Amino acid sequence: MRDWKEETQKIITWMRKKVEEAKAQGLVLGMSGGIDSSVVAVLAQKALGEKSLGIMMPCYSIPQDLEDALKVAQMFSIPHRVIPLEKPYDAFLEVLGEKQENSRSLALANLKPRLRMCTLYYFANRLNYLVCGASNRSEITVGYFTKYGDGGVDILPIAHLTKTEVIELARFLNLPSFIITKPPSAGLWEGQTDEEEMGITYEKIDEFILHKKVEEPYLSQIKSKIRASEHKRKMPATPEEITI
């Protein structure tokens with residue numbers, strides 16, 4: 001069990017250091033209404049106050065998610081903006097010759113986090129902020145993030161924490177229960193949940209990470225996901241190693 005008071009201070013100090021090292025002015029992050037982004041938003045506010053900016057980017061999302069994100073921003077005095085992305089998403093579908101009815105297609109669904117990445121970097125460039133991501137250790141381990149989508153960020157403050165630990169940190173930070181108990185979802189389509197899409201629970205992934213002990217068939221599933229997503233955790237491949 002981590003000392004969450006000590007851990008919170010460590011993360012906050014680290015976030016400030018990364019902003020200072022980059023000669024940036026603050027942090028911008030997406031707020032989805034989920035537990036990971038809510039935890040990171042609260043940490044960013046504690047670290048940088050008014051120099052933190054939460055962006056809500058609904059794109060045919062569940063209305064409750066936006067409501068939850070707004071409640072968290074208001075409860076913790078997090079500066080925020082709402083940038084709807086339905087119009088640019090529809091424009092992409094039109095150019096690609098696709099229809100909204102095909103939104104369960106992973107190729108189309110992944111357009112949403114990639115549009116969000118573009119939006120966050122627009123504000124980062126405009127304000128001289130760093131883009132702060134919310135992926136946790138469990139998701140990074142099995143590659144459950146969109147390459148150049150939610151994986152396209154400058155810093156990852158909770159990348160060392162498993163999903164179970166993020167929940168514990170959320171409780172320490174006094175996040176509301178409606179955030180902590182909400183089924184984790186990337187919001188790719190209506191009714192989508194992380195665990196259903198992955199085909200395995202966070203509990204099993206965390207058992208593997210922390211104890212290296214998980215029964216079959218979960219062990220094989222996890223190892224398969226790690227191998228298949230290895231490219232997401234590396235720089236693009238090159239014919240020769242580049243040294244600087």
Amide proton proximity set for Leu27, modelled H, under 5 Å, gap of 5+: Ser52, Leu53, Leu130
Under the Karplus relation 6.51 cos²θ - 1.76 cosθ + 1.60, θ = phi - 60°, what is the ordered set of whole-Hz ³J(HN,Hα) values for the stretch 219-234, x standing for Gly and Pro? 4, 5, 4, 5, 4, 5, 5, 4, 5, 5, 9, 4, 4, 6, 9, 10
Cβ neighbours within 10 Å, averaged per peptide: list 51-57, 228-234 in order, most packed at the top. 51-57, 228-234
In whole angstrom, and with the biggest value first, how far do the Cα coordinates of the stretch 136-244 range along each principal axis? 50, 35, 30
Applying the Karplus parametrisation 6.51 cos²θ - 1.76 cosθ + 1.60 with θ = phi - 60° to the phi angles of the stretch 60-75, what ³J(HN,Hα) value in whole Hz is obtained for each residue in order, glycine and proline being reported as x? 6, 8, 5, x, 4, 5, 5, 4, 5, 5, 5, 4, 5, 4, 6, 5
Which order do peptides 18-31, 171-184 fall in by mean Cβ count within 10 Å, highest first? 18-31, 171-184
What three numbers, in Å, describe the spread of the alpha carbons of the stretch 1-58 along their principal axes, ordered from the longest? 35, 31, 15
Given backbone amide H placed at 1.01 Å from N, residues whose amide H is under 5 Å from that of His80, ignoring those fewer than 5 places away on the same chain, are Gly54
Ratio of alpha-carbon Rg to the 2.2 N^0.38 Å globular estimate for the stretch 46-106, to two decimals, please. 1.45
Of the heavy-atom accessible surface of the stretch 76-200 (probe 1.4 angstrom), what whole percent is carbon and sulfur? 55 percent
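Report relative contact order for the stretch 1-145 in percent, whole number only (criteria: Cα-Cα under 8 Å, sequence separation at least 6).
That works out to 28 percent.
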What is the sum of charges around Tyr122, taking Lys and Arg as +1, Asp and Glu as -1, for the other residues whose C-beta is under 12 Å from the C-beta of Tyr122? +3
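For the stretch 103-183, take the convex hull of the Cα atoms, compute a quarter of its surface area, and give me that in nm², please.
Hull-based average projected area comes out at 6.5 nm².
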If contacts are Cα pairs under 8 angstrom and at least 6 residues apart, what is the relative contact order of the chain in percent? 20 percent
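In debye to the nearest 20, how big a dipole does the chain give about its Cα centre with +1 on each Lys and Arg Cβ and -1 on each Asp and Glu Cβ?
680 debye
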Need the list of aspartates and glutamates near Lys17 for cross-linking: C-alpha distance under 18 angstrom, and skip anything on the same chain fewer than eight residues off. Glu6, Glu7, Glu50, Asp154
Using +1 at the C-beta of Lys and Arg and -1 at the C-beta of Asp and Glu, which of Leu96, Ala22, Tyr60 has the Cα lying farthest in the positive direction of the dipole of the chain? Ala22
Measure off 7 Å from each Cα along the Cα-to-Cβ vector at Trp14 and Cys118, then give the distance between these two points in nanometres to one decimal. 3.2 nm
Length-normalised contact order of the stretch 1-76, Cα under 8 Å, at least 6 apart, in percent, tallies to 32 percent
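Need one number: the % of Cα-Cα pairs in the stretch 63-142 sitting beyond the 19 Å mark.
55 percent
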Centroid-to-centroid separation of the stretch 146-188 and the stretch 20-47 [C-alpha atoms, Å]: 11 Å
Pairs over 21 Å Cα to Cα, from Lys163/Lys232; Lys5/Lys46; Lys163/Lys204; Lys10/Lys71; Lys147/Lys234, come to Lys10/Lys71
Residues of the chain: accessible area per residue at 1.4 Å, in Å²? 54 Å²
Rounding to the nearest 20 debye, state how big the charge dipole of the stretch 104-213 is about its Cα centre with +1 on each Lys and Arg Cβ and -1 on each Asp and Glu Cβ. 300 debye
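The values are calculated or read from the model by the stated rules, or taken from the named source; none is laboratory data. Source: prediction; values computed, not measured. Note that we place each Cβ from the backbone using ideal geometry, even for glycine, and neighbour counts take in every protein chain shown. Quick note on the areas: whole protein, heavy atoms, side chains included, nothing else; ligands and nucleic acids left out. Shrake-Rupley method; radii C 1.70, N 1.55, O 1.52, S 1.80 Å.
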